[in-house]
Each structure stands twice: as structure tokens, then as C-alpha cells.
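Encoded as C-alpha cells, the structure appears first; notes follow it.
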Amino acid sequence: MKRSIIIAIVALMAATVVQAQNIFHKGILADVEYGARVGYNIGGSAPLNMPASIRKLNKFPLTPNIAFGLNAEKPLTNDFGLMVGLRFENKGMSTDCTVKNYKMEMVKGGEKLGGVFTGKVVTKATEWMFTLPIQATYHYKKVTFKAGPYVSYLTGREFYGWAYDGYLRVDDPTGAKVMLGTSADERGEYDFSSDMRRWHVGVDVGVDWAFSKRFGAYADVTCGFHGIHKSDFKTIEQTLVPIYGTIGVTYAFH
């Protein structure tokens, strides 16, 4: 009896494998093309319209914004197709700006202060995430144009920094004046990491170029549909939208 059950289970497993092979090789996934890509994200989270309170960008050093991804494309016609991907990436930034009457909150000497700040502000952000892009594709010779939405889930998030070399007017531009220096105990610290969104939605537009049978290059531009902070976050008056460009290399599995 046990032997018959084992034979039946083995036969069922074999039939399942055969059916799976038929689905992949003869069914809807028969002509799907698979690939991998590695890239570098360049950009940041910023207002779509730069406010007058941000006067100057002093520093914008590069951060380790590496992107690793896999993709699968299903041809729909000779020229058009549908591409789905999965990426693990970082969209981080580091800035040093000069501001005037910039609304913000900070902690100085253990005391929480809020108002408008004039001076210099350092901002550091890190956003590690899994991203799922779904793009329509158009092929022209060795070039593939693509565009579509993406959704990201953040596995790690940080948004912090400090205000220094200036002064804070408490509550409003006519409030009490608090001077901020350059050393760690003289400046004002802030951390809005817990106010960041877990989910991001946006649009991804780009182009792939195949310079050999297996290898190629790509360039993408992504823009979020919303800011990186939650909708009820009002400490920073501007909505900071993630806008990034990506450049990298591709590998096709044949």
C-alpha cells in the first residue's frame, strides 16, 4: 500500500514538472527574455519648485546609491513588449545648503526648538528599498525605450542632519533669536527618519542599449508621485520628492 502511494506521489510530481515545462517553454512564458542589471542612482529628494528660502547648494557629495536588479520582458508584437523587474537599491543623498527664513525644528542642548532658521543646513538621507517597475517597451534596432510606473518598499530609512553657522528665530521671523555655531554642542540637530513613508509610487522612464549579444548599458529617470515623508508631516514646509537618474550595465540571459 505504501509503495503504491509513493509511486502515485512520484507520478504526480513528474506530471507537475512536465506541466511546468510546458508553461515555460510552450505557454505564455515561452518567449520571455530575462536579464540582470547593475547601476548607480544619482539625484536626491527636493521640492519640484525650489523655494526662495533655499539660497545656495554648498556641497552635494556622492553617496553609495547602488542598484541591483533582475528583469523579464514579454514581447507583445515585433516592436512592443512588457517588462517587469525587481530591484534592490539605495536612493540616498547628502547636502549642505545655505538657507534664509527656512522653517524647521531641531534639538539644541536637549531643548526642542522650532521656528525659521537662517544659516547652513546639512541633510543626510538613506533609503534602501525593493522596487518593482512595470514598463511598456519599444524596440528600435539595438535600442529599447521603456516607460511605466514603479512601486517601492523601504527596508531601511534615515533622514537627519543639523543646522549650524546661523540663527533660529523661535516660532516666527520676529521671535527670540537663538545663535547656532559650528561645533557639535553649538549646532541644532534634527532627525525625521520616523516620519518617512514605507511605500513609494512613481514613474520610471528610460532606455536600454545592447552593444553585444549579452551586454549593454542603460539609463533611467525616476520621479515619485509624492514626497518621501508622510502626508501629515508639516515640519519641513516643502514636499521633498525623490528624483533620480540611474546609469548602469545590463546582462541578457540567452
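So which of GLU127, GLU158, GLU186 is of a type in the set (Asp, Glu) and open to solvent by less than 40 Å² (accessible area, probe 1.4 Å)? Of GLU127, GLU158, GLU186, the one residue that is of a type in the set (Asp, Glu) and open to solvent by less than 40 Å² (accessible area, probe 1.4 Å) is GLU127. Of the candidates GLY206, GLY202, GLY175, the single residue that is touching a residue at least 24 places away in the same chain (Cβ under 8 Å) and touching a Cys at 6+ places or on another chain (Cβ under 6 Å) is GLY202. When SER183, SER194, SER152 are screened for being outside any strand (DSSP E or B) and within 26 Å of the chain's Cα centre (by Cα), only SER194 passes. If the condition is being in contact (Cβ under 8 Å) with a residue 24 or more places away in the chain, hydrophobic (A, V, I, L, M, F, W, C) and surrounded by 14 or more Cβ atoms within 10 Å (Cβ to Cβ), then the stretch 210-247 contributes ALA210, ALA217, ALA219, VAL221, ILE228, PHE233, ILE236, LEU240, VAL241, ILE243, ILE247. Residues in the stretch 162-180 that are in contact with a Gly (Cβ under 7 Å, 6 or more places away or on another chain), assigned to a loop (DSSP other than H, G, I, E, B) and either under 18 Å from ILE236 (Cβ atoms) or at pLDDT 95 or above (or both): ASP171, ASP172. Among the residues making up the stretch 81-104, those that are surrounded by fewer than 16 Cβ atoms within 10 Å (Cβ to Cβ) and farther than 30 Å from GLN135 by Cα are LYS100, ASN101. Per this entry, PHE253 is counted among residues that are among the aromatic types (Phe, Trp, Tyr), open to solvent by 90 Å² or more (accessible area, probe 1.4 Å) and either more than 19 Å from the chain's Cα centre (by Cα) or closer than 16 Å to GLY44 by Cβ (or both).
In the set THR246, THR222, THR239, only one residue is under 30 Å from GLY115 (Cβ atoms) and either in contact with a Gly (Cβ under 7 Å, 6 or more places away or on another chain) or in a loop (DSSP other than H, G, I, E, B) (or both); that residue is THR239. When the stretch 130-143 is filtered for residues that are open to solvent by 20 Å² or more (accessible area, probe 1.4 Å) and either part of a strand (DSSP E or B) or touching a Ser or Thr at 6+ places or on another chain (Cβ under 9 Å) (or both), the ones remaining, listed by number, are PHE130, LEU132, ILE134, ALA136, TYR138, HIS139, TYR140, VAL143.
The values are calculated or read from the model by the stated rules, or taken from the named source; none is laboratory data. What you are looking at is a predicted structure, and each value in this text was computed from that prediction instead of being measured. Cβ atoms come from the backbone with ideal geometry, glycine included; neighbour counts cover every protein chain shown. When the accessible area is computed, the model is the full protein with side chains, heavy atoms only, and any ligands, DNA or RNA have been set aside. Shrake-Rupley method; radii C 1.70, N 1.55, O 1.52, S 1.80 Å.
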